[in-house]
Amino acid sequence: MYGSMVFFGVLALVLVFLMGIRIVRPTHRAVIERLGKYNRFAGPGFNWIVPFIDRIFRENVTELMVDATPQEIITFDNLNARVDAQVYFKVKSDEQNVKNSMYNVGNVQYQIVNLARTTLRNIIGTMTLKSANSERGRINEDLLKILMKETANWGIDIVRTELKEIDPPKDVQETMNKVVKAENEKIAAVDFATAVETAADGQKRSEIKKAEGIKQANILRAEGEAEAIRLVNEAANKYFTGNAQVLRKLEAVEKSLQFNAKVVIPSDSELVNVIGELAGVMPLKKDVPNKMA
């Protein structure tokens with residue numbers, strides 16, 4: 001009888017021990033309450049609680065994302081913009097912040113979503129639709145700062161915020177698309193005109209260079225011809241000094257002979273000797289009268 005009581009007693013203790021085993025994963029932290037009051041902090045791994053007396057509450061400490069569901073926001077220029085954003089956060093893993101996330105706020109995700117939606121309305125409501133689209137980085141920064149300030153005692157860390165979309169009304173979007181298309185066409189036309197102007201300028205410079213080359217060639221050719229004439233004149237002055245009149249006469253005879261003209265040349269003229277030498281004929285000597293005869 002005594003042995004049976006011992007056996008059942010040990011069995012009961014084993015069952016109680018097994019019922020009190022709690023395993024906390026590395027991605028979670030936990031708090032243990034005893035009779036509805038905070039008792040202790042539970043880290044990852046093996047933990048044991050008193051069955052039916054203690055309760056364990058786990059909290060995910062990994063980074064989480066909540067979607068601030070799309071909403072219509074009236075911008076400063078009285079346009080309805082459809083805005084959607086995402087908030088990334090995580091519960092800090094130390095004991096105090098885990099306690100704060102459980103005891104200072106009822107539902108972290110739900111309250112973050114509503115706080116983000118309200119904050120977006122306040123921020124974008126002071127901006128025009130155009131500035132809201134072009135300053136998304138500023139909106140993200142402002143939203144992050146406000147959320148971090150408002151959730152400072154929630155035991156969480158707001159990692160980042162991202163705007164998913166800021167969509168204007170359909171008719172406004174169509175108008176904006178037309179404006180963008182017109183601006184793109186204008187830019188393309190300006191680029192084409194610039195390219196044509198550049199090509200024309202290049203052609204003009206090419207023609208100028210070509211004309212300058214021709215001009216320089218003519219100058220060099222004229223200078224060459226002038227130099228040749230100068231050298232001929234120097235040679236004539238050097239080697240034919242005193243024979244200028246004879247040369248002129250020869251030129252006159254040459255021109256006359258070209259047209260089969262008859263030229264009477266005095267027998268005692270120097271041209272007779274020159275022409276004879278050119279033809280290979282020696283001039284005849286004059287008979288000198290013999291005075292003794």
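Every number in this text was worked out from the coordinates using simple rules, so none of it is lab data. It should be emphasised that the depicted structure is a prediction, and the values quoted were computed from it without experimental measurement. Here Cβ is always computed from backbone atoms with ideal geometry, including for glycine, and neighbour counts include all displayed protein chains.
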How much net charge surrounds V113 when only the other residues with a Cβ under 15 Å from the Cβ of V113 are counted, with Lys and Arg +1 and Asp and Glu -1? -1
At a 10 angstrom cut-off on C-beta neighbours, averaged per residue, how do the peptides 7-14, 112-119, 48-55 rank from highest to lowest? 112-119, 48-55, 7-14
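Sorted from fewest to most neighbouring beta carbons within 10 Å, what does the list F89, F57 look like?
F57, F89
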For K164, the net charge from surrounding residues (Cβ-Cβ under 12 Å; K, R +1; D, E -1) works out to -3
For 71-82, 132-143, 214-225, 35-46, ranked highest to lowest by mean beta-carbon neighbours within 10 Å, the order is 132-143, 71-82, 35-46, 214-225
Links that overshoot a 18 Å alpha carbon limit, given the list K92/K164; K37/K99; K92/K149; K37/K90: K92/K164; K37/K90
I need the fraction of alpha carbon pairs in segment 2-59 separated by more than 14 Å, rounded to a whole percent. 58
Taking only C-alpha positions in segment 64-168, Rg and Dmax in angstrom work out to 14.4, 48
